[in-house]
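None of the figures in this text is laboratory data; all of them are computed from the coordinates on show. Please read these numbers as outputs of a predicted model, since none were measured by experiment. With ideal geometry, Cβ positions are generated from the backbone for all residues, glycine too; neighbour counts draw on all protein chains shown.
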Amino acid sequence: MRILIALTYYRPHYSGLTIHAEREARALVARGHQVTVLTSRFDPNLPFREVKDGVEIIRPKVLFHISKGVIMPSMWVWSWKLIRRVDVVHLHAPQFDAAIIALQARLLHKPVVLTYHCDMQLPGGFMHSVANLVSNLTNHISARMARVIIHNTRDYAEYSPFMRRYLDKLQPILPPVEVTPITQADRQTFRDKFKIQPGTRLIGMAARLATEKGVEYLAEALPTVLEKYPQARVLFVGPYQNVVGEEAYAERLAPLIAQLGEHWSFLGVVTPQEMSAFFHECEVTVLPSINSTESYGLVQVEAMTCGTPVIASNLPGVRVPVQMSGSGLIVPARDTQALAEALIAILDHPQNYLGNSQLVAQLSTPQAVAEGYEKAFELASEIERGNVLSVYTDEHEITEQWTSSAVEYQQRNHAD
């Protein structure tokens, strides 16, 4: 199958969405598909066209930015050319360009599959208000043009003001998760590099330093944890300097972090081996997100895959991995005291919160996710041809599919 994937940002941009798209694209190529990614040249130093991991990447020039969005009219020229050559168009939203690309695909009678990642919430101000309105409009046009809409969980979709309107098109597919295998030597190298002393109680957070991540609630909870565990230390992995659109947030957060001294370390963007070591070394990882721009949090599944329990906010979608696996605790969003108590509970008895992380991990392998997308692309093609009329799958059927899929993958692994 020839597949066009279109999205605003792609790797090397760092976010859950771009990691999701990159892993999906690589997995589809590994299964024999021809994949082209159409995205922005958000960094002028990036090449216009390259092939990486078998994926062709085309990056039109960006004229200017509106908050986190980019304006690049030449993308529409390239999308028209590329749509004519492919069998299915896969859009990742929110995305300003998605509506025009979806309309082009409809004109050319090519099926559209839309992966909707999250509801967008921009800061206040006139320009951001206009951007919100435009984004909502383009999302609705894209959703109406799409034959199938994919989201990580039905839980999030039912709470999303946007997704609630399109439940009849919904196919839940968990995001793809990859964790690089490492050795004890790799873990020791990680500890040496980041000066982790024996006896340190490590708390991890992996994210961009962005408003929706709720970083301040972890920082505010840490002093309470330190009263019982004075050796506790937070390791924050991910971009924390010059994050687009988050400069004011970082400046506001800086004094709070500074007060924690050696108990808080920003590690920045790390290698895949270091990321795996990070998850293995931490006793607990935290996802204290505060609003619907966080719809899942694939880093928590990466942590679970490494045997590390998670504390996640009680938000639609975000709570699902812990609910499915029992590997960790769920706390109210924006509740510093509840977060501190959960951290102490897990540090007290980490072995009590391991759960059955393999249930989520097996459904999140790139191979499993690629198979899910293949079925969605085939279904969209059948609907486009008029052979199938409905997409809707009720929640009970979805649960049965997830459970049977997990059993199937466990049986395969056992056989191997």
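Ordered by packing density, taken as the mean number of other Cβ atoms within 10 Å over each peptide's residues, highest first, how do 354-360, 51-57, 307-313 rank? Numbers along the way, then the final one.
Values: 354-360: 19.1, 51-57: 16.3, 307-313: 24.4.
Ranked from most to least packed, the peptides come out as 307-313, 354-360, 51-57.
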GNM on the chain, Cα springs under 10 Å; top mean-square fluctuation among Pro316, Pro198, Pro47 goes to Pro198
Check which residues have an amide H placed less than 5 Å from Trp264's amide H, if you skip close sequence neighbours. Val234
So the pair-distance distribution of the stretch 177-225, from every Cα-Cα distance in 5 Å bins, comes to percents of 4, 13, 18, 19, 20, 17, 8, 0
Kindly identify the stretch 193-279 as rounded, prolate or oblate by the Cα gyration tensor criterion: order the square roots of the eigenvalues as a ≥ b ≥ c, call it rounded if a/c is under 1.5, otherwise compare a/b with b/c, prolate if a/b is larger, else oblate. oblate
Cα gyration tensor of the stretch 9-59 diagonalised, 5x eigenvalues square-rooted, in angstrom largest first, produces semi-axes 18, 13, 7
Applying the Karplus parametrisation 6.51 cos²θ - 1.76 cosθ + 1.60 with θ = phi - 60° to the phi angles of the stretch 166-181, what ³J(HN,Hα) value in whole Hz is obtained for each residue in order, glycine and proline being reported as x? 10, 5, 6, 10, 7, 10, x, 9, 5, x, x, 10, 10, 10, 5, x
If you take the alpha carbon radius of gyration of the stretch 31-74 and divide it by 2.2 N^0.38 Å, what ratio comes out, to two decimals? 1.30
Hey, fewest Cβ within 10 Å first, where do His151, His109 land in order? His109, His151
So how far apart, in nm, are the two label points at Asn356 and Ala185 if each is 7 Å from Cα heading toward Cβ? 3.8 nm
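Pairs of lysine in the chain with Cα under 17 Å and at least 8 positions apart or on different chains: total?
Working: Lys61/Lys81; Lys68/Lys213; Lys81/Lys110; Lys110/Lys169; Lys110/Lys375; Lys169/Lys375.
The number of close lysine pairs in the chain is 6.
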Given charges of +1 on the Cβ of Lys and Arg and -1 on the Cβ of Asp and Glu, with all other atoms neutral, how large is the dipole of the chain about its Cα centre, in debye to the nearest 20? 1340 debye
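Can you give the alpha-carbon Rg of the chain over 2.2 N^0.38 Å, where N counts its residues? Let's see the in-between values first.
Details: Rg = 21.2 Å, N = 416, 2.2 N^0.38 = 21.8 Å.
Computed over Cα atoms of the chain, the ratio equals 0.97.
Loop-only check: which trypsin sites (Lys or Arg not before Pro) in the stretch 60-111 are DSSP coil with at most 16 other Cβ within 10 angstrom?
Working: sites: Lys61, Lys68, Lys81, Arg84, Arg85, Arg106; in loops: Lys68, Arg84, Arg85.
Sparse-neighbourhood loop trypsin sites (Lys or Arg not before Pro): Arg84, Arg85.
Quick one: if the Förster radius is 22 Å, what FRET efficiency do Lys61 and His140 give, using the C-beta to C-beta distance and rounding to 0.05? Could you put the intermediate results ahead of the total?
Details: r = 27 Å, r/R0 = 1.25.
The pair Lys61/His140 has a calculated efficiency of 0.20.
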Using the Kirkwood radius built from alpha carbon pairs, what does the Stokes-Einstein equation give as D for the stretch 257-329 at 10 °C and 1.306 mPa s, in µm² per second? 121 µm²/s
On a C-alpha basis, how far is the centre of the stretch 170-243 from the centre of the stretch 279-302 in Å? Whole number, if you could? 9 Å
Taking amide hydrogens as modeled 1.01 Å from N in the peptide plane, which residues meet the under 5 Å criterion relative to Ile311, leaving out close sequence neighbours? Thr285, Val286, Leu287, Leu329
How large is the convex hull of the C-alpha atoms of the stretch 184-361 per residue, in Å³? 107 Å³
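Explain nothing, just the number: dipole magnitude of the stretch 184-361 about its Cα centre with +1 on each Lys and Arg Cβ and -1 on each Asp and Glu Cβ, in debye rounded to the nearest 20.
Numbers: 12 positive and 18 negative charges, 45 e Å.
Dipole magnitude for the stretch 184-361 comes out near 220 debye.
Could you give the dipole magnitude of the stretch 168-236 about its Cα centre, charging the beta-carbon of Lys and Arg +1 and that of Asp and Glu -1, in debye to the nearest 20? Display every interim value, and only then the final one.
Working: 10 positive and 8 negative charges, 59 e Å.
With only Lys, Arg, Asp and Glu charged at Cβ, the dipole is about 280 debye.
Can you give the longest run of the chain that contains no chymotrypsin sites (Phe, Trp or Tyr not before Pro) sitting in a DSSP loop with at most 15 other Cβ atoms inside 10 Å?
Numbers: sites that count: Tyr14, Phe48, Tyr392.
For chymotrypsin sites (Phe, Trp or Tyr not before Pro) (loop position, at most 15 other Cβ atoms within 10 Å), the longest site-free span of the chain is 49-391.
Note the direction-averaged projected area, equal to a quarter of the hull surface, for the Cα convex hull of the stretch 49-111, in nm².
Orientation-averaged projected area of the Cα hull: 4.8 nm².
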